[in-house]
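Notes to accompany the following structure.
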Amino acid sequence: MANHPSSYRADIDGLRALAVLSVFLFHLHASWLPSGFLGVDIFFVLSGYLISSTLYKEIVAGTFSFQQFYIRRIRRILPAFFFATLVTLIAGSILFIDRDLVVLKKSAIAALAFSSNFYFMRKGGYFAPTSEDMPLLHIWSLSVEEQFYFLFPILLIFLLWLFKRTSKAVTPSTTSTLRRRLLWVLVPLCLGLLLMGFIPLKELGISWDPYYLPHLRFGELLIGSIFAVALTDRPRPAYHPRHAWIGSLSLLVLLLCMPLSGVFVSPFFPGILAVIPCVALGFLIYANQQDYWVSRFFSLAPVVWIGKISYSLYLWHWIVITFFRYFVEREIQWVDALWIAPLTFALASFSYYVIEQPLRYRKITFRQGLLYYYAVPALVCGGLIATHVLEYPMPTKYTQYSKGEMNFDTLDPARSLKGDTTQTPKVLIAGDSHTAHLLRFFETLGKDEHWCAYVSAAASCPFLLDYAFETAGQREGFGRERNDLLAKEYHKYPVIVLSSLWGSPDYMADSTYLRQIDHTLEAMLRAGKTVYMVSSFYARSTARLRESYLVARGILPANPTRVPISQLEGTSYHKAKANVEKIHALVSRKYPQVVWVNLEEFLPPTLLVDGMPVLADPYHYNDYGATLMARAYQKKYGRLIPETLLK
């Protein structure tokens, strides 16, 4: 084994293998290794240890150069990063529908600026389902590292300069004093950063996801730096059985952390709870200086090889997984992993041997590095982002519903009147996004039947009296604000249309939900209103939108029966359907005068009409589908609202 941390240690590459495989397994299926995301934290500690070892030695010796430091970072990080980013942008331009490509391009811009963590912390949670469609999501950790290495060398230089001023000469004793003083600063700084995880951001009106916050991750990198400062330039201690015990116990702690579920969560993680796996890894690095079973295992050739390609493997694993999930729109199974893993390793090996290694050791100046390793590939990526080369625009009537054209999450009256706007509004249509996705339905019927309606939708909040369902997707307090306003306004309209995702499992989990439906219907009927309840759609496992896009591009042949009906329905459909049937039974029994409209009867089982999708996503019609629903309803039932109710 090597005498100094700055020398090559095969076991460090072995620990990289542990990190990347943990993350890979977690991303394949979270239940397979619930805390496998801790592999990223292992990477942070290893990075902090290795980079700080070199930094500390060079600064103490007076040989440190910012240019040399950053040229090493440029050669190490940028070639494989730009290769993966460029391939992702090309593939996304060909395979992604417009709205998803826009998100990919925005995330690519953030990645090019190494600010991905700042971008994603404003976009929702790391563990949210929407994150699974973002191929460059994992670049957040790379961004955190680079942010750290823009700041940490400056801090280290300043502290060592400050401490050296009190020492007359650099001797072994003064070096020991410098080390001790430095640790007295770094340890409290590390703990202080980790404890900042307890700052109640939400109560301060800050809606950032703490998972991406750089200062919390800087604490983890500093743990690696602390062990580097403590161990660098010290002779390897003589073998003692305690090293094997320390290493074995540290590895056991790490391995026990990985399968835990619901433990490493905010506000404890990222934050102070990260001390457990990160410090355990630090002691494992210390113990592995000795030759014993753990260090020998992590020095095995196959393990070391995985560690050597771990950077490229980390870059590619999430890209492959997201593109797979994007089109199958389901969770990954073991059989899927049997080909995802070999493909990922093949791409990582190509990246490592053809891109990463040859360019990493090429001798270049700092200016050449900035030009050829950053500026030129960034311009190529920027060209793909700024232009529409390789793209195929799909008509928006298939990809979205018209929430932008109506009173959606706003109380602006100017955007509320729909249908035949030459008429006096006598209809109030209100609900959640299942009011918004039926805009074309209501507009078509309103114009044909010559009625005008005031339409209001609030994300994930049905219109019920004295009720509000708060969710993270809303502007805080908007649901109650909207419902309170309409509770005062609904008396102006003789016809009330309540349109919501009535069977939502989230709504049904609210103990007041059914009671408030009953309260609302009773009050409105007592006020002499004609009340409609529209159940437009349950849910599906997929919208078949992405599949239809590939068909439109000629990449896939048209095949309406490609996906079995049972697979299209999924568990969400059956849960919502059962809930709707329960609500319908309650309403029809107590309030038979309420007009119940169920548009599911018009929905084709394949979710396609003339080969095109009728859904914008698994929970909503697109504009094309909403218009078709209107025509199908007219064909079977004629008018929605009788003329007699509009006089």
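The values are calculated or read from the model by the stated rules, or taken from the named source; none is laboratory data. Values in this document were obtained by computation on a predicted structure and should not be read as measured data. In this analysis, Cβ positions are derived from the backbone assuming ideal geometry, glycine residues included, and neighbour counts consider all displayed protein chains. What goes into the accessible areas is simple: the full protein's heavy atoms, side chains included, and nothing from ligands, DNA or RNA. Shrake-Rupley method; radii C 1.70, N 1.55, O 1.52, S 1.80 Å.
Rounded, prolate or oblate: which one fits the chain, using the alpha carbon gyration tensor with axes a ≥ b ≥ c (rounded when a/c is under 1.5, else prolate when a/b beats b/c, else oblate)? Please report the intermediate quantities before stating the final value.
Values: a/c = 2.53, a/b = 2.16, b/c = 1.17.
Prolate.
If you average 1/r over all unlike Cα pairs in region 174-248 and invert the result, what Kirkwood radius do you get in angstrom? About 15.0 Å for region 174-248. Restriction of the GluC sites (Glu not before Pro) in region 467-561 to DSSP coil positions whose beta-carbon has at most 16 other beta-carbons within 10 angstrom yields GLU470, GLU476. In region 173-249, if the dipole is taken from +1 on Lys/Arg beta carbons and -1 on Asp/Glu beta carbons about the Cα centre, which of LEU183, HIS243, VAL229 is farthest to the positive end? So the residue we want is HIS243.
Relative to the longest principal axis of the Cα atoms of the chain, helix 565-590 runs at roughly 50 degrees. Between ASN579, PRO564, SER536, the Cα set farthest toward the positive side of the dipole of region 527-608 (charges on each charged residue's Cβ, about the Cα centre) is that of ASN579. Computed in the context of the full set of protein chains, the accessible area of the chain at 1.4 Å probe radius has 63% of its extent on carbon or sulfur.
Applying both filters, DSSP loop and at most 13 other Cβ atoms within 10 Å, to the trypsin sites (Lys or Arg not before Pro) of region 1-86 eliminates every site. With a threshold of 32 Å on the Cα-Cα distance, the over-threshold entries among LYS488/LYS647; LYS106/LYS447; LYS529/LYS636; LYS123/LYS635; LYS397/LYS488; LYS426/LYS582 are LYS106/LYS447; LYS123/LYS635; LYS397/LYS488. Within the chain, antiparallel bridges make up roughly 25 percent of the DSSP beta bridges whose residues both belong there. Using a cutoff of 8 angstrom between alpha carbon atoms and counting only pairs six or more residues apart, the relative contact order for the chain works out to 16 percent. Hydrodynamic radius of region 486-584 by the Kirkwood approach over all distinct alpha-carbon pairs: 16.3 Å.
Just need the relative contact order of region 71-159 here, percent rounded to a whole number, with Cα pairs under 8 Å and 6+ apart. The normalised contact order for region 71-159 reaches 26 percent. This model, with +1 at the C-beta of Lys and Arg and -1 at the C-beta of Asp and Glu, gives region 492-585 a dipole about its Cα centre of some 260 debye. Need the C-alpha centroid separation for region 501-563 versus region 1-63, integer Å. Result: 47 Å between the Cα centres. Seen through its C-alpha gyration tensor, with square-root eigenvalues sorted a ≥ b ≥ c, region 166-317 comes out oblate because a/c lies at 1.5 or above while a/b is not bigger than b/c.
Using only the alpha-carbon atoms, how far is helix 241-257 inclined from the longest principal axis of the chain? Give it as 0 to 90 degrees, nearest 10. It works out to around 10 degrees.
What's the magnitude of the charge dipole for the chain around its Cα centre, counting Lys and Arg as +1 and Asp and Glu as -1 at the beta-carbon? Answer in Debye, nearest 20.
On the way: 61 positive and 47 negative charges, 354 e Å.
For the chain, the charge dipole is close to 1700 debye.
Residues in the chain average 43 Å² of solvent-accessible surface per residue, probe 1.4 Å, ligands and nucleic acids excluded. For region 228-313, evaluate the Debye formula with one uniform point scatterer on each Cα (no solvent term) and list log10 I(q)/I(0) at q = 0.26 Å⁻¹, rounded to two decimals. Values returned for q = 0.26 Å⁻¹ are -1.23.
Restricting things to alpha carbons, find the Rg to Rh ratio for region 49-142 using the Kirkwood radius for Rh. Write out the running numbers ahead of the final one.
Working: Rg = 17.0 Å, Rh = 15.3 Å.
Over the Cα atoms of region 49-142, Rg/Rh equals 1.11.
Restricting attention to region 1-99, which chymotrypsin sites (Phe, Trp or Tyr not before Pro) occupy a DSSP loop and are surrounded by at most 16 other Cβ atoms within 10 Å? Numbers along the way, then the final one.
On the way: sites: TYR8, PHE24, PHE26, TRP32, PHE37, PHE43, PHE44, TYR49, TYR56, PHE64, PHE66, PHE69, TYR70, PHE81, PHE82, PHE83, PHE96; in loops: TYR8, PHE37, PHE64, PHE96.
Passing both the DSSP loop test and the Cβ count: TYR8.
Summing +1 for each Lys or Arg and -1 for each Asp or Glu, what net charge is found among the other residues whose Cβ lies under 15 Å from the Cβ of ALA487? Local net charge: +1. Relative to the longest principal axis of the Cα atoms of the chain, helix 513-526 runs at roughly 30 degrees. Looking at region 519-647, the pairs of alpha carbons with a distance over 24 Å make up 41% of the total.
Given Cα pairs under 8 Å that are at least 6 residues apart, what percent is the relative contact order of region 1-126? Walk me through the numbers before you get to the answer.
Values: 58 pairs, mean separation 16.9, N = 126.
Result for region 1-126 is 13 percent.
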